[in-house]
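Structure first, then comments.
Quick note: the coordinates plus some simple rules give every number you see, no bench work behind them. This one's a predicted model, so the numbers in the text were calculated from it and none came from an experiment. FYI the Cβ positions are ideal-geometry reconstructions off the backbone, even for glycines, and counts take in every protein chain you see.
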Amino acid sequence: MRGFRISNNQIEGSLPRSLSHCKDLRLFDVGNNDLTNAFPKWLRNLNHLQILILRSNRFYGQVDDSDVAVSFTRLRVIDLSHNNFSGYLPTKFFENLHAIREGLEMEYMIDRTTDGTMYYVDGLSFATKGLEMEVHSLLTIWMVLSRHH
């Protein structure tokens, strides 16, 4: 299994730790549910994770664990917005986002058109100034850094 997507389902409770055994996950999207838990630190065990979306749930606490800060070297997309997290993301967290800095592509999601243009197969949704929009075809060269107060 390369992707785990249960977004927009009104799922309650906490995420099962057994998901940490899905070592080949590239996409982890549990956005827009009613999940309640501290930041799931076991996500650091998902060494191939490229997209992490926890948006619009009731996650809480700090994301300052040193093990978490040095994980996620392959992440290209991370969305922690609209939760109850507190504190700051540690500097080490950003220093270790190698895939974003080096422009590594998410090969498993790429579709090439006949003219050679590359798009991500699965679209993503982005929230900009409170407006959420779904992008169905996303150019591979596109990069977004967003924050929410």
For this session: Only Cα pairs under 8 Å and at least 6 apart count here; give the relative contact order of region 3-102 as a rounded whole percent.
Result: 24 percent
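Provide the net charge surrounding ARG55, with neighbours chosen by a C-beta distance below 11 Å and charges set as Lys +1, Arg +1, Asp -1, Glu -1. Mind showing how you got there, number by number?
On the way: positive: none; negative: ASP29, ASP79, GLU132.
Local charge sum for ARG55: -3.
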Problem set entry | Paired Rg and Dmax values of region 3-102, which use every Cα atom, in angstrom | 12.6, 37
Seminar exercise, completed: Lys and Arg at +1, Asp and Glu at -1: neighbours of GLY13 with Cβ under 14 Å from its Cβ sum to 0
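What's the local net charge at LEU35, with K and R +1, D and E -1, over the other residues with C-beta under 11 Å away? Could you put the intermediate results ahead of the total?
Details: positive: ARG55, ARG58; negative: GLU12, ASP34.
The answer is 0.
Test of understanding: ordering ARG76, ARG44 by Cβ neighbours within 10 Å, fewest first, what list do you get?
ARG44, ARG76
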